[in-house]
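Trainee: First the structure, then my questions, so here it is.
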Amino acid sequence: MLYLIDDANVESIKTITQYFPIHGVTTNPSIIAANGENVYKKIKAIRDVIGPDLELHAQVLESTCDEIVKEAIRLRDTVGGNFFVKVPVTGEGLKSISVLKELGFNVTATAIFTAQQALLASTAGADYVAPYVNRIDNFSSDGIGVVGDIVNLFEMYDKDTKVLAASFKNTQQVYNVAMVGSHAATISCDLFEQLIYHPLTTSAIMEFEEKGAEYYTYEK
């Protein structure tokens, strides 16, 4: 499974990319608004940190196909490198996905809440679909189940589109989407730090240090 960072804090992104095998960064208007900065300045700063090769996914705010395409071009010109434009799955969004693919864009279909939405986005040409796991759960549905259904549909119809699971509140959800075959997951910086923590790992390291330190003396 590919791991992406779902955040807009440049310093946190810089730290996480130093330690974890990161495939890219995703942002959205809510995340950037929480940091109180201009979208174009923020995504440019993120690109400067992660370099040109890692994926950077940035979302449009426009709602009509023509305006979505214009905004996508502005975002791509600002970011450069390995760029994916995020487009919500609406009627105009599906229309714009097809147009953007014809223009050579990488596209991530976002705000996915059903497997049917994901299948339509894939058929329109999306490279990724991003189902919102925890938000689906909050509507008395099964976020992990929806991710699994999407994976199964893509396999059934031989789709190249990848599932980029998003919206997590705990590490168990991240583990569960891996178990149902999600191709990728985008995770907040805070949650990344919890993925590798276990108290028994910490105690084992302390035991190694306590019992083995005297035997690790190096002599030339």
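Trainee: Stick to Cα atoms and the Kirkwood definition of Rh, then tell me Rg/Rh for the range 56-96.
Mentor: So for the range 56-96, dividing Rg by the Kirkwood Rh gives 0.96.
Trainee: Something else: Using the heavy atoms of the protein chains and a 1.4 angstrom probe, tell me the accessible area per residue for the chain in square angstrom.
Mentor: That works out to 53 Å² per residue.
Trainee: Something else: How large is the translational diffusion coefficient of the chain in µm² per second when you combine the Kirkwood radius over alpha carbon pairs with Stokes-Einstein at 10 °C and 1.306 mPa s?
Mentor: Value of D from the Cα-based Kirkwood radius: 86 µm²/s.
Trainee: For Cα pairs less than 8 Å apart in space and 6+ apart in sequence, what is the mean separation divided by the residue count of the chain, i.e. the relative contact order in percent?
Mentor: 17
Trainee: Can you give the extra length, in nm with one decimal, that the chain gains between Ser63 and Thr114 once fully stretched, where that is 0.36 nm per residue apart less the Cα-Cα distance?
Mentor: On the way: separation 51, 0.36 × 51 = 18.36 nm, distance 2.03 nm.
Contour length minus Cα-Cα distance gives 16.3 nm.
Trainee: Starting from the Cα of Lys211, draw a straight line to each of the lysines and keep only those under 29 Å, dropping any in the same chain fewer than 8 residues away.
Mentor: By straight Cα distance, Lys211 reaches Lys220.
Trainee: Still on this model: Of the heavy-atom accessible surface of the chain (probe 1.4 angstrom), what whole percent is carbon and sulfur?
Mentor: Carbon and sulfur together cover 51 percent of it.
Trainee: Say R0 is 35 Å: what FRET efficiency, to the nearest 0.05, do Leu200 and Asp158 get from their beta-carbon distance?
Mentor: Values: r = 42 Å, r/R0 = 1.21.
Computed FRET efficiency for Leu200 and Asp158: 0.25.
Trainee: Output wanted: per-residue J couplings in Hz (rounded whole) for the range 104-110, from phi through Karplus 6.51 cos²θ - 1.76 cosθ + 1.60, θ = phi - 60°, x for Gly and Pro.
Mentor: Taking θ as phi minus 60°, the curve returns x, 7, 8, 10, 10, 7, 10 Hz for the range 104-110.
Trainee: Starting from the amide H of Asn106, placed 1.01 Å from N in the peptide plane, find each other amide H under 5 Å away whose residue is 5 or more places distant or on another chain.
Mentor: Answer set, sorted by chain and number: Val85.
Trainee: Just tell me the longest site-free run in the chain, where the sites are chymotrypsin sites (Phe, Trp or Tyr not before Pro) in a DSSP loop having at most 12 other beta-carbon atoms within 10 Å.
Mentor: 1-138
Trainee: Okay, moving on. With springs only between Cα atoms under 10 Å, which of Ile32, Ile97, Ile112 fluctuates most in a Gaussian network model of the chain?
Mentor: Fluctuation is largest for Ile32.
Trainee: List the lysines whose alpha-carbon lies under 24 Å from that of Lys162, not counting same-chain residues fewer than 8 positions away?
Mentor: Candidates past the 8-residue exclusion: Lys86, Lys95, Lys101.
Trainee: Taking amide H atoms as placed 1.01 Å from N in the peptide plane, list the residues 5 or more away in sequence, or in a different chain, whose amide H sits under 5 Å from that of Asp7.
Mentor: Result for Asp7 returns Thr26.
Trainee: I'd like the distance between the alpha-carbon centres of the range 53-84 and the range 96-155, rounded to an integer number of Å.
Mentor: What the calculation gives is 18 Å, centre to centre.
The values are calculated or read from the model by the stated rules, or taken from the named source; none is laboratory data. Computed from a predicted model, the values in this text were never measured in an experiment. Neighbour counts run over all protein chains shown; Cβ positions are idealised from the backbone, glycine included. Protein only, heavy atoms only, side chains kept; ligands, DNA and RNA dropped before computing areas. Shrake-Rupley method; radii C 1.70, N 1.55, O 1.52, S 1.80 Å.
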